[in-house]
Amino acid sequence: MILVKKPPLIVTIGTALVLVSAGVLTYVGLRWRLTRAQGLPVGVRAVPQAAVAAVALSTDTEQWQQLRQFGNPETQATFDEQLAEWRDRWLTQYDISYAQDIAPWIDSEVTIAWVPESESVTGNESGTVSLGEQGRLLLVPIADPEAAQISAESLPLAAASDEPTEYRGVTLTPLTPTSGDENEALLIGLLGTQLIMVAEDENVAQQAIDAYKGGKNLADLAGYRRSFEHIGVPQAFSKVYLNVPAAAQLLAQSAQPALPAALLNSFRDSRGLAATMTLQSQGLQIASTSWFGPDSDRAYVDTNVPAQLPEYLPNDTLVMASGGNFQQFWQDLSDRQNWGALTALNPDNLALALQGSTGLTLEDDLLPWLGGEFALALMPPPNADSETEDTSTLPNPSLVVLAQVSDRPPAEQTFARLDEVVENRYRFTLTDEPAEDVERVRWTSPFESTMLARGWLESNIAFLTVGPDTDELIVPQPRRSLARSPLFQLTTGGAPYPNNGYFYVNLEALSQTENNLFLPDLSIENQGFLKAMQAIGGTATVLDEQRLRYDLYLALKRGNRPGPLPSSASEPEEPEAEPSESSPTEESPPEGEPPAGGDPAAPEAEAESTE
């Protein structure tokens, strides 16, 4: 995630407001209203298409209070300390209160963009980039010009270090902070009558002005606009744009060791990604779309299916990943396309390993009948009984593989050949142990150190399990399935259906699971963050040949009711500024009026959390 070192918003806003005349302010033009109607961030018409990324953040203090309430006491304290640090850096040192000086006039969201400072950057439409340093661009819409004028007259503004300059009719006023590095000067300008621009670099400021006055901007980017047809929501907390070719190029320039060429080439046709994040009562919901450029010869294949396999998994499944068509999945993996480019799996090595260990070839013996839905899942290790007690101390993988078979006869032939291999080459013992109407064959290694099972749950649904007694978790079909699990429905129920597959992790149960071969111990620095989360659920959906949609839901625990942030280190502590005792609550109302030192949820502070 990109970190934001946010400029001193309040000072820059105040200086810009001085530029607004006291006369009658006109309404915003047609282009501004069109942006509003489409649900795009209000500042995107001043964001050049060459921008690497842009993030719009809500200025609703109640939403920030809701965000602060998620997590556990440990993560909440860490987040509040970070907010206090940003408040002291960008608000307190200027003696400015967000609640008193900014909130009365600011619009519903602010936009932050990262724009290449070099003029030799090729725009997003072509997909080619040559990047240098990135300059931050802040765009702050004014909802109430009259209130803004009143606030500007009372703000303690810092003096400009140089004389203002002008570019295409826009006055750029330089400003240096009252403390800190004087070289970190900002340029402030007023675009139209209701949009304040703050830039760190003169070239970035000129690019923003060019974009606003008819140049190529994000609002004119077709793929970006169309994304909001599917992911636009009225009360989004954040809206994100990522220039995929530019981001990949930046990653390649900074990565050590160098990234594989196959990984970079996999993004050559992707032009952008847009996302919205919405706060829900039990977590964060993220919807995003990615798209190809108009000159791309690649196309997504529609493999969206009504999912059936979650019905055959138990409700306490720890991890599950599924797809709509294994043949297409393997093709994407082999071509290093889509998410397959991000994995460490080498499809060629996997195919050679399969052939070397079983004598079967993936292309000839498996892919012809794997033309349907597939799923891979990890289960909690079954309780050891008296017969398996001696081996229960060994790591149990508890792995389940399900596949919807498109052609059963060749699949049965493949299974028969596997039976011969494990029995004759590896000396496993094969036992035919049907359960009710389920066909099941168990493979048990010498000394019973390893146990696998394979069979048919339905006429076209094959299964393979790894681990002692793991097959008993799905045979017979569990009465309480994963598809009906409240946590699975919470994290995936809001996604489009049918779709191209699921990804689900029950983090709360995962943290309590021991002795599983595929679940290594988490590092100490990651345990606190993960313990604040209950589950993650995601889906992928093919919208058309050019667009792919991703939906992600983070189910979060609810911690203590947010109190005042820690007092500023540069000011005497006051009783009302001390952190108050709070108790866990399931539903807590938003905080009231914040202390004068700055709103606890001031978006100009929290914006830096997206860096």
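The values are calculated or read from the model by the stated rules, or taken from the named source; none is laboratory data. None of the values given here were measured: they were computed from a predicted structure. We place every Cβ from the backbone using ideal geometry, glycine too, and count neighbours over all the protein chains shown. All accessible areas refer to the heavy atoms of the entire protein, side chains included, with ligands and DNA or RNA removed. Shrake-Rupley method; radii C 1.70, N 1.55, O 1.52, S 1.80 Å.
Residue check: SER334 meets all listed conditions (1) farther than 18 Å from GLU545 by Cα; (2) modelled with pLDDT of 90 or more but one, namely (2). Against the condition of a type outside the set (D, E, K, R) and either surrounded by 21 or more Cβ atoms within 10 Å (Cβ to Cβ) or at pLDDT 95 or above (or both), how does ASN515 come out, does it pass? In short, no.
Going residue by residue through region 423-431, is there one that turns out to be surrounded by 13 or more Cβ atoms within 10 Å (Cβ to Cβ), of a type in the set (D, E, K, R) and farther than 30 Å from GLY323 by Cα? Yes, because at least one residue in region 423-431 is surrounded by 13 or more Cβ atoms within 10 Å (Cβ to Cβ), of a type in the set (D, E, K, R) and farther than 30 Å from GLY323 by Cα. Summed over region 178-214, the residues that are among the hydroxyl-bearing types (Ser, Thr, Tyr) and modelled with pLDDT of 85 or more give a count of 2. For region 205-237, give me each residue that is in contact with a helix residue (DSSP H, G or I) (Cβ under 7 Å, 6 or more places away or on another chain) and either farther than 30 Å from THR171 by Cβ or acidic (Asp, Glu) (or both). Correct list: ARG225, PHE228, PHE237. Does region 308-325 contain at least one residue that is surrounded by 14 or more Cβ atoms within 10 Å (Cβ to Cβ) and either of a type in the set (Lys, Arg) or at pLDDT below 85 (or both)? Among the residues of region 308-325, not one is surrounded by 14 or more Cβ atoms within 10 Å (Cβ to Cβ) and either of a type in the set (Lys, Arg) or at pLDDT below 85 (or both), which makes the answer no. Taken over region 210-221, the criterion of being in contact (Cβ under 8 Å) with a residue 24 or more places away in the chain and surrounded by fewer than 21 Cβ atoms within 10 Å (Cβ to Cβ) is satisfied by ASP210, LYS213, GLY215, LYS216, ASP220. I'd like to check something: does region 526-535 contain any residue that is modelled with pLDDT of 90 or more, more than 28 Å from ARG87 (Cα to Cα) and in contact with a helix residue (DSSP H, G or I) (Cβ under 9 Å, 6 or more places away or on another chain)? Checking region 526-535: at least one residue is modelled with pLDDT of 90 or more, more than 28 Å from ARG87 (Cα to Cα) and in contact with a helix residue (DSSP H, G or I) (Cβ under 9 Å, 6 or more places away or on another chain). Every test in (1) part of a helix (DSSP H, G or I); (2) open to solvent by 80 Å² or more (accessible area, probe 1.4 Å); (3) under 21 Å from PRO397 (Cα atoms) is passed by GLN477 save one, and that test is (1).
Summed over region 546-575, the residues that are modelled with pLDDT of 90 or more and either of a type in the set (S, T, N, Q) or surrounded by fewer than 13 Cβ atoms within 10 Å (Cβ to Cβ) (or both) give a count of 1.
For GLY71, the criteria (1) among the small types (Gly, Ala, Ser); (2) touching an Asp or Glu at 6+ places or on another chain (Cβ under 7 Å); (3) modelled with pLDDT of 90 or more hold in every case but one, which is (2).
Taking residues in region 94-115 that are more than 17 Å from ALA148 (Cβ to Cβ) and open to solvent by 20 Å² or more (accessible area, probe 1.4 Å), and partners anywhere that are modelled with pLDDT under 85 and not in a helix (DSSP H, G or I), the pairs with Cβ atoms closer than 6 Å and at least 6 places apart or on different chains are ASP95/PRO156. With respect to the conditions (1) without any contact (Cβ under 8 Å) to a residue 60 or more places away in the chain; (2) out of contact with any Phe, Trp or Tyr (no Cβ under 8 Å at 6 or more places or on another chain); (3) open to solvent by less than 50 Å² (accessible area, probe 1.4 Å); (4) of a type in the set (D, E, K, R), LYS239 lacks only one, and its number is (1). Looking at (1) closer than 20 Å to GLU200 by Cβ; (2) open to solvent by less than 10 Å² (accessible area, probe 1.4 Å); (3) at pLDDT below 90, find the lone condition where GLU133 falls short. Here GLU133 meets the rest and fails (2).
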